[in-house]
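Some notes on the structure that comes next.
The values are calculated or read from the model by the stated rules, or taken from the named source; none is laboratory data. Quick caveat, the model's predicted, so the values are computed rather than measured. Using ideal geometry, Cβ is built from the backbone for each residue, glycine included, and neighbour counts are taken over all protein chains shown. Remember, those area values only see protein heavy atoms, side chains included, never the ligands or the DNA or RNA. Shrake-Rupley method; radii C 1.70, N 1.55, O 1.52, S 1.80 Å.
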Amino acid sequence: MSNQEWNPEKYAASAGFVSELGRPVLDLLKPQFGERILDLGCGDGELMKILADKGYDVAGVDSSPEMVEAARSRGLDVRVMNAENLEFGPGKEFDAVVSNAALHWMSDQYAVVRSVWRALAPNGRFAAECGGEGCVRIIREGMKLSLAKRGIDYKPRNPWKFLEVGIFSRILENQGFRVSFIARFDRPTPLPDGLRGWLGVFSNRHTEGFSDEEREGFYDDVEEYCRPRLYNERLGWVADYVRLRFLAEKPA
Ligand code: BEZ
């Protein structure tokens, strides 16, 4: 996982929509009662809570101790764990792994897929949604220009991997998964707290080492670049999200 810092309160206030928009991945998963389900990169447990409240047997993992603490405070079964090396040995496998808005934060997606494979029982399902190729392209351009203006290279600060359908399918299939559904699609996403609120949650890697004043200057520049492209009077700020959604099965 990237070493992005997570603040559960800030996340809930400015990015709570992320979990709400994750519901379609649950429809794709089609959870069954009696199955053991793992939420990979569960964050503050918002999506897990939907499953737990309906009576499903669900556990979660996340690499952020702060987010795990927030999920635990809701009574959820959550552990701090690295998705690239899930520690669920033989006899503790899951029937299903679900993941929303998390895979693009993980640096080695080959290792993640291998690790999910090991955590799944035969006939197990892996349903996920994450940022797809081109996700937040305009926002990233704005960040790149704003960093360049300060003499800073964007690349080493970029915490995201937005993969193409073809590459991700190949990673899954090379591991042995049968990919029954995979799609990349645009999903323009209104930002309830504006672009500034979004940057406050998601760009702390980009602004590492900045003073408060420098950070505000960075936000100003990103906003200025993005305003003509992502802002309109009627809808406010709408981020240029692209999603990758898939369902993969581990054969018996
Ligand atoms: C997301 O939560 O889906 C997301 C976060 C950061 C950049 C792009 C997408």
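Just give me the residues in segment 134-144 being of a type in the set (A, V, I, L, M, F, W, C) and within 11 Å of the ligand (Cβ to nearest atom), in sequence order.
135, 136, 139, 143
Any idea how many residues of segment 170-190 are out of contact with any Leu (no Cβ under 6 Å at 6 or more places or on another chain) and closer than 18 Å to residue 118 by Cα?
9
Specify the residue that is farthest from residue 106 (Cα to Cα); the eligible residues are those in segment 198-224 that are of a type in the set (Ser, Thr, Tyr), open to solvent by less than 40 Å² (accessible area, probe 1.4 Å) and away from the ligand (no atom under 13 Å from the Cβ). Explain how you work it out, then say what you get.
Within segment 198-224, the subset of a type in the set (Ser, Thr, Tyr) is 203, 207, 211, 219.
Checking which are open to solvent by less than 40 Å² (accessible area, probe 1.4 Å) leaves us with 203, 207, 219.
Pick out the ones that are also away from the ligand (no atom under 13 Å from the Cβ) and you get 207, 219.
Values: 207: 19, 219: 25 Å.
This residue is 219.
Filtering segment 180-197 down to residues that are over 30 Å from residue 30 (Cβ atoms) and open to solvent by 10 Å² or more (accessible area, probe 1.4 Å), which residue is nearest to the ligand (Cβ to nearest atom)? Even if it seems obvious, please write down each step before you answer.
Filtering segment 180-197 down to residues over 30 Å from residue 30 (Cβ atoms) leaves 191, 193-197.
Narrowing further to those that are open to solvent by 10 Å² or more (accessible area, probe 1.4 Å): 191, 193-194, 196-197.
On the way: 191: 11, 193: 14, 194: 15, 196: 15, 197: 13 Å.
So, considering only residues that are over 30 Å from residue 30 (Cβ atoms) and open to solvent by 10 Å² or more (accessible area, probe 1.4 Å), the one nearest to the ligand (Cβ to nearest atom) is 191.
Does residue 131 satisfy the criteria of being within 16 Å of the ligand (Cβ to nearest atom), surrounded by fewer than 23 Cβ atoms within 10 Å (Cβ to Cβ) and not charged (D, E, K, R)? First the steps, then the outcome.
Values: within 16 Å of the ligand (Cβ to nearest atom): yes; surrounded by fewer than 23 Cβ atoms within 10 Å (Cβ to Cβ): yes; not charged (D, E, K, R): yes.
It is true that residue 131 is within 16 Å of the ligand (Cβ to nearest atom), surrounded by fewer than 23 Cβ atoms within 10 Å (Cβ to Cβ) and not charged (D, E, K, R).
Among the strands (runs of 3 or more DSSP E) lying completely within segment 1-107, list those that include at least 1 residues that are within 14 Å of the ligand (Cβ to nearest atom) and free of Cβ contacts under 8 Å to residues at least 60 places away in the same chain.
Those strands (runs of 3 or more DSSP E) span 57-62.
Which residue pairs have Cβ atoms under 9 Å apart, sit 6 or more places apart or on different chains, and have a first residue in segment 198-224 that is at pLDDT 95 or above and among the acidic types (Asp, Glu) and a second that is open to solvent by less than 10 Å² (accessible area, probe 1.4 Å) and assigned to a loop (DSSP other than H, G, I, E, B)?
Between residues of segment 198-224 that are at pLDDT 95 or above and among the acidic types (Asp, Glu) and residues that are open to solvent by less than 10 Å² (accessible area, probe 1.4 Å) and assigned to a loop (DSSP other than H, G, I, E, B), the close pairs are 214/207.
Taking the condition acidic (Asp, Glu), within 12 Å of the ligand (Cβ to nearest atom), at negative phi and modelled with pLDDT of 95 or more, does residue 173 pass?
no
Within segment 166-177, can one find any residue that is open to solvent by less than 20 Å² (accessible area, probe 1.4 Å), β-branched (Val, Ile, Thr) and outside any helix (DSSP H, G or I)?
No: segment 166-177 contains no residue that is open to solvent by less than 20 Å² (accessible area, probe 1.4 Å), β-branched (Val, Ile, Thr) and outside any helix (DSSP H, G or I).
Considering every residue within segment 81-92, establish whether at least one is among the hydrophobic types (A, V, I, L, M, F, W, C) and open to solvent by 20 Å² or more (accessible area, probe 1.4 Å).
Among the residues of segment 81-92, not one is among the hydrophobic types (A, V, I, L, M, F, W, C) and open to solvent by 20 Å² or more (accessible area, probe 1.4 Å), which makes the answer no.
Tally up the residues in segment 199-242 that are of a type outside the set (Val, Ile, Thr) and more than 21 Å from residue 152 (Cα to Cα), please.
Taking segment 199-242 first, the residues of a type outside the set (Val, Ile, Thr) are 199-200, 202-206, 208-221, 223-237, 239-241.
Imposing the further condition that a residue be more than 21 Å from residue 152 (Cα to Cα) reduces the set to 227-237, 239-241.
Qualifying residue count, segment 199-242: 14.
Among the residues of segment 225-252, which ones are within 16 Å of the ligand (Cβ to nearest atom) and assigned to a strand (DSSP E or B)?
Selection gives 237, 238, 239, 242, 243, 244, 245, 246.
Could you please tell me which pairs satisfy a Cβ distance under 6 Å, a separation of 6+ or placement on different chains, a first residue in segment 112-131 that is without any contact (Cβ under 8 Å) to a residue 24 or more places away in the chain, and a second residue that is of a type outside the set (S, T, N, Q) and open to solvent by less than 20 Å² (accessible area, probe 1.4 Å)?
Every condition considered, no pair remains.
Does segment 108-144 hold any residues that are under 26 Å from residue 215 (Cα atoms) and outside any loop (DSSP other than H, G, I, E, B), and which are they?
Once the filter is applied, which keeps residues that are under 26 Å from residue 215 (Cα atoms) and outside any loop (DSSP other than H, G, I, E, B), segment 108-144 yields 131, 137, 138, 139, 140, 141, 142, 143, 144.
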